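Engineer: Mind looking over this structure? Questions follow.
The values are calculated or read from the model by the stated rules, or taken from the named source; none is laboratory data. Nothing here was measured: the structure is a model prediction, and the numbers come from that model. For neighbour counting, all protein chains shown are included, and Cβ atoms are generated from backbone atoms with ideal geometry for every residue, glycine included.
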Amino acid sequence: MSTSSHLEPPVAFPPGPSLEPEAIENRVAEELARIPFIDMHTHLFSPALGELGLWGIDELVTYHYLEAELFRSSSVTPEEYWAMPKRSQADLIWRTLFVENAPVSEATRGVVAVLRAFGLPTGGPNLNEAREYFAGRKLEDHIDHVFRLAGISEAVMTNDPLDPVEGPLWESGARGNRKFHPVLRLDRVLNKWTDHWRVLAAKGYSVDAEASGESIAEVRRFLADWRLRMQPVYMAVSLPDTFQYPEESIRGRLLKEAVVPACREFDIPLSLMIGVRYQVNPALRLAGDGVGKADLRALERLCVEFPSNRFLASLLSRENQHELCVYARKFRNLMPFGCWWFLNNPSVVEEITRERLEMLGTSFIPQHSDARVLEQVIYKWKNTRRTLTPVLANSYRLLMEDGRAVTQADIHHDITRLFRTNFEAWARLK
Ligand code: HDL
Ligand code: ZN
């Protein structure tokens, strides 16, 4: 049994100078900083979708993550809060979470990081100077500036064809562009058929309350019509923690007979975002959703039944993350992505990303921003780079300790794969 002293010196691939262990973390930070990422799930909108796009300080400060935190630190009731104008809501949140208390939560610190990125005061008593700054910004220029600050080249949207405001914008010619990729979001069709089958019928699709008769074929036609109109890079749906597949339900039939076959026909992925306990506190509105551990056998059965489909999967429960890695090892058509929503905090992002690297190498998509307000991408991606620098550096140091040299080219390739080419390949963007 030869000892390590007789082994050939470690060979790096691709060829290039081997890095010293103490240089690794800086090289990782450099590559994370200079490679523009693809933000593959957001709630941002291209300017062509008009007022749907949220941006500026009052939207940043009234983000639903912050509204949830406000009600814990203020005596205001949700009813009183919802009756206030947006600027008064923002003033109350700023005073409560940023002045009377240090903004140490992830979402409050994010607003501080955004203000700092624009050179605006971060500890002031009010939002006057920030409001003046944003009021002077021209949206298209501002988007380019924000994307540069965030280090992203493009954002993937969430587009709802049955939304009463968004649907007509697409029907009258709105389109995505090279910075904003569309996604066909199907929550109203798959989760709320009872409330929305009539909307489809009113648009000329012969569907009924039970999704019987030619309903399935007509949903296929609806999907084909919107694929042509929207050119989505994937279809998506958020699903409850109780999601089962197969399931004797309208959702189960629509998934099996319409949505998954349509994705295969159009050669685009289906994104399954599982684990939401919807409206556990309705008084908080958008902030009222909770989380529950899902039964991933549903995901297993979808991957087994549809080996030619590509699935993106993001689970909301921390307790589902390790088993998601196991399933990704079993099914090459399953792509884990992101540290979603309640998981997008450094302590959890570190744990999730380490176990993914240990079990999947670089064959996953580490993060998406889920940004709802344009400027959020600045702090969400700053935090991702800050959290993942030591995580990735640790993986390379372990590799070097175990006998393989690491080069800058390795690091560049791997980070490009994690934050660009894995998604580009999955969505056939290249
Ligand atoms: O369903 C989703 O896409 C979620 O991301 C929800 O929009 C959620 O409210 C959210 O904003 N999470 O960050
Ligand atoms: Zn989202």
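Engineer: Of the residues in the range 269-283, how many are buried (at least 19 other Cβ atoms within 10 Å of the Cβ) and touching a helix residue (DSSP H, G or I) at 6+ places or on another chain (Cβ under 8 Å)?
Structural biologist: 5
Engineer: Would you check which residues across the range 216-251 are under 26 Å from Asp370 (Cα atoms), out of contact with any Lys or Arg (no Cβ under 9 Å at 6 or more places or on another chain) and among the basic types (Lys, Arg) and list them?
Structural biologist: Of everything in the range 216-251, those that are under 26 Å from Asp370 (Cα atoms), out of contact with any Lys or Arg (no Cβ under 9 Å at 6 or more places or on another chain) and among the basic types (Lys, Arg) turn out to be Arg227, Arg251.
Engineer: Separate question: Restricting attention to the range 343-365, which residues are without any contact (Cβ under 8 Å) to a residue 60 or more places away in the chain and closer than 24 Å to Asn159 by Cβ?
Structural biologist: Within the range 343-365, just Leu343 meets the criteria.
Engineer: For the range 227-236, enumerate the residues that are out of contact with any Asp or Glu (no Cβ under 8 Å at 6 or more places or on another chain) and either within 16 Å of ligand 1 (Cβ to nearest atom) or over 25 Å from Asn422 (Cα atoms) (or both).
Structural biologist: Scanning the range 227-236 gives Pro232, Val233, Tyr234, Met235, Ala236.
Engineer: Mind checking which residues of the range 143-192 are away from ligand 2 (no atom under 15 Å from the Cβ) and among the polar types (S, T, N, Q)?
Structural biologist: The answer is Ser153, Ser172, Asn177.
Engineer: Taking Asp39, is it of a type in the set (Asp, Glu), surrounded by 21 or more Cβ atoms within 10 Å (Cβ to Cβ) and within 16 Å of ligand 2 (Cβ to nearest atom)?
Structural biologist: Here the answer is yes, as Asp39 does meet what is asked.
Engineer: While we're on this one: With Ala174, Ala211, Ala201 as the choices, which residue is in the same structural domain as Thr42 (by TED's automatic domain parsing) and surrounded by fewer than 18 Cβ atoms within 10 Å (Cβ to Cβ)?
Structural biologist: Criteria check complete, one pass: Ala201.
Engineer: Look through the range 164-204, keep the residues that are modelled with pLDDT of 95 or more and touching a Ser or Thr at 6+ places or on another chain (Cβ under 6 Å), and return whichever of them is nearest to Met230 (Cα to Cα).
Structural biologist: For the range 164-204, the residue satisfying everything is Val183.
Engineer: Where in the range 304-412 are there helices (runs of 4 or more DSSP H), lying wholly inside it, with at least 1 residues that are closer than 30 Å to Leu255 by Cα?
Structural biologist: The helices (runs of 4 or more DSSP H) meeting that bar are 321-330, 346-360.
Engineer: If a residue must be outside any loop (DSSP other than H, G, I, E, B) and not polar (S, T, N, Q), how many such residues does the range 14-27 contain?
Structural biologist: 6
Engineer: Related question: Restricting attention to the range 329-378, which residues are within 16 Å of ligand 1 (Cβ to nearest atom) and of a type in the set (Lys, Arg)?
Structural biologist: Arg372
Engineer: Scan the range 28-75 residue by residue and report those that are among the small types (Gly, Ala, Ser), in a helix (DSSP H, G or I) and outside the structural domain of Pro161 (by TED's automatic domain parsing). Show your work before the answer.
Structural biologist: Taking the range 28-75 first, the residues among the small types (Gly, Ala, Ser) are 29, 33, 46, 48, 50, 53, 56, 68, 73-75.
Now narrow it down to the ones that are in a helix (DSSP H, G or I): 29, 33, 48, 50, 68, 73.
Listed by number, the residues that qualify are Ala68, Ser73.
Engineer: Here is a follow-up. Output the qualifying pairs, or none if there are none: Cβ atoms under 8 angstrom, residues six or more apart or on different chains, first residue in the range 221-241 and under 17 Å from His43 (Cβ atoms), second residue aliphatic (A, V, I, L, M) and surrounded by fewer than 19 Cβ atoms within 10 Å (Cβ to Cβ).
Structural biologist: From residues that are under 17 Å from His43 (Cβ atoms), the pairs are Val233/Leu429.
Engineer: Ok, one more. Output the residue which, of all residues in the range 191-204 that are assigned to a loop (DSSP other than H, G, I, E, B) and of a type in the set (D, E, K, R), is farthest from ligand 1 (Cβ to nearest atom). Break it down into steps so the answer makes sense when it comes.
Structural biologist: Taking the range 191-204 as the starting set, the residues that turn out to be assigned to a loop (DSSP other than H, G, I, E, B) are 191-192, 203-204.
Still in the list and also of a type in the set (D, E, K, R): 192, 203.
Numbers: Lys192: 13, Lys203: 23 Å.
Only one residue fits best here, namely Lys203.
Engineer: In addition: Among the residues in the range 246-262, are any outside any helix (DSSP H, G or I), of a type in the set (Gly, Ala, Ser) and surrounded by 16 or more Cβ atoms within 10 Å (Cβ to Cβ)?
Structural biologist: Among the residues of the range 246-262, not one is outside any helix (DSSP H, G or I), of a type in the set (Gly, Ala, Ser) and surrounded by 16 or more Cβ atoms within 10 Å (Cβ to Cβ), which makes the answer no.
Engineer: Could you check the range 43-54 and list, in sequence order, the residues that are within 16 Å of ligand 1 (Cβ to nearest atom) and within 10 Å of Phe180 (Cα to Cα)?
Structural biologist: Once the filter is applied, which keeps residues that are within 16 Å of ligand 1 (Cβ to nearest atom) and within 10 Å of Phe180 (Cα to Cα), the range 43-54 yields Leu44, Phe45.
Engineer: Also: Across the range 350-372, what is the number of residues that are away from ligand 2 (no atom under 16 Å from the Cβ), of a type in the set (A, V, I, L, M, F, W, C) and touching a Ser or Thr at 6+ places or on another chain (Cβ under 8 Å)?
Structural biologist: 1
Engineer: Among the listed residues Leu284, Leu270, identify the single one that is in contact (Cβ under 8 Å) with a residue 40 or more places away in the chain, within 20 Å of Asp163 (Cβ to Cβ) and either within 16 Å of ligand 1 (Cβ to nearest atom) or not assigned by TED's automatic domain parsing to the domain that holds Arg175 (or both). Steps first, please.
Structural biologist: On the way: Leu284 fails: within 20 Å of Asp163 (Cβ to Cβ).
From the options Leu284, Leu270, the qualifying one is Leu270.
Engineer: Ala155: more than 15 Å from ligand 1 (Cβ to nearest atom) and surrounded by 23 or more Cβ atoms within 10 Å (Cβ to Cβ), yes or no? Outline the logic, then answer.
Structural biologist: Working: more than 15 Å from ligand 1 (Cβ to nearest atom): no; surrounded by 23 or more Cβ atoms within 10 Å (Cβ to Cβ): yes.
Taking the combined requirement at face value, the residue does not satisfy it.
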